[in-house]
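Colleague: Quick one: the structure is below, questions incoming.
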Amino acid sequence: MEATKLPLETSVEEVHVLLDSPNPPRLIDCREDDEWHLCRIDGAELVPLSQFGELARHRFTHPDEHLVIYCHHGMRSQRAALWLRQQGFARSQSMQGGIDLWSDRIDPSVPRY
């Protein structure tokens, strides 16, 4: 699939499949530090939305990389993914429903808050 053809949002089910694939996307948690310490998805990297613009310049250096961003319910991650697309990262996506829906549909061991 071409980079520009990826939808801005992707489902928790699709992310689950992608993470188990031979070439998984990079999983980015854009929640804040206190939320990160409550729960997180294994393999995710924390890049808080409050510092996103500043940290992104150093953390994201390959515009062709597939990035999946999540937050609590999907609103902050959508803003982060859209911002990344505006910076040339066309394969940035937001995980719809965030970690809350992930816990509900994919991994109930992830605490809900």
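Colleague: Have a look at the DSSP beta bridges in the range 3-105 and tell me what percent are antiparallel, nearest 5. Before the final figure, lay out the partial values.
Modeller: On the way: 0 of 11 bridges.
Of all bridge pairs located within the range 3-105, approximately 0 percent are antiparallel.
Colleague: What is the extension gain from GLU54 to ASP104, computed as 0.36 nm multiplied by their sequence separation minus the C-alpha to C-alpha distance, in nm to one decimal?
Modeller: Gain on extension, GLU54 to ASP104, equals 14.8 nm.
Colleague: Match the structure shown to one of the listed values (i) 1.16; (ii) 1.02; (iii) 0.93 of Rg/Rh (Cα atoms, Kirkwood Rh), computed from it, and give that label.
Modeller: (iii)
Colleague: How much length would be gained if the chain were fully extended between TRP36 and GLN86, taking 0.36 nm per residue of separation minus their Cα-Cα distance, in nm to one decimal?
Modeller: 15.4 nm
Colleague: Return the sequence-ordered ³J(HN,Hα) values of the range 96-113 in whole Hz as given by the Karplus equation 6.51 cos²θ - 1.76 cosθ + 1.60 applied to θ = phi - 60°, using x for Gly and Pro.
Modeller: My calculation for the range 96-113 gives 4, x, x, 5, 5, 6, 4, 5, 5, 9, 10, 9, x, 6, 7, x, 9, 9 Hz in order.
Colleague: Amide H to amide H, which residues 5 or more places from ASP29 or on other chains are under 5 Å from it, using H placed in the peptide plane?
Modeller: Amide H to amide H, under 5 Å and 5 or more residues apart or across chains, ASP29 pairs with GLU45, LEU46, VAL47, TYR70.
Colleague: Name the residue farthest towards the positive end of the dipole of the chain from the options LEU49, PRO25, LEU84, assuming +1 on Cβ of Lys and Arg, -1 on Cβ of Asp and Glu, about the Cα centre.
Modeller: Value computed over the given set: LEU84.
Colleague: Here is a follow-up. Going highest first, how would you order 90-100, 13-23 by mean Cβ packing within 10 Å?
Modeller: Listed from highest to lowest mean packing, they are 90-100, 13-23.
Colleague: Any idea how far the Cα center of the range 23-43 sits from the one of the range 54-113, in Å?
Modeller: Using only Cα atoms to place each centre, the spacing works out to 9 Å.
Colleague: Related question: Report the paramagnetic label zone for LEU6: residues of the range 34-78 whose backbone N is under 11 Å from a point 7 Å from Cα along the Cα-to-Cβ axis.
Modeller: Hits in the range 34-78 for LEU6 at 11 Å: 63-69.
Colleague: Let me ask something else about it. What dipole magnitude, in Debye to the nearest 20, does the chain give about its Cα centre under +1 on Lys/Arg Cβ and -1 on Asp/Glu Cβ?
Modeller: Dipole size: approximately 360 debye.
Colleague: To the nearest 0.05, how large is the calculated FRET efficiency for HIS73 and ASP20 if R₀ is 22 Å and r is the Cβ-Cβ distance?
Modeller: 0.40
Colleague: Using R₀ = 22 Å, calculate the FRET efficiency as 1/(1 + (r/R₀)^6) where r is the Cβ-Cβ separation of HIS62 and GLU13; round to 0.05.
Modeller: E between HIS62 and GLU13, to the nearest 0.05, is 0.25.
Colleague: Relative to the Cα centre, what is the charge dipole magnitude of the range 49-113, using +1 at the beta carbon of each Lys and Arg, -1 at the beta carbon of each Asp and Glu, and rounding to the nearest 20 debye?
Modeller: 160
Colleague: Report, in deg cm²/dmol and to the nearest 500, the calculated mean residue ellipticity at 222 nm for the chain, where each DSSP H run with n ≥ 4 adds -39500 (n - 2.57) and the sum is divided by the residue count.
Modeller: -10000 deg cm²/dmol, from helical runs alone.
Just so you know, all these numbers are worked out from the coordinates, no wet-lab data involved. The model shown is predicted, which means the values in this text are computed figures rather than measured ones. Every residue, glycine as well, gets a Cβ built from its backbone with ideal geometry; the counts of neighbours run over all protein chains shown.
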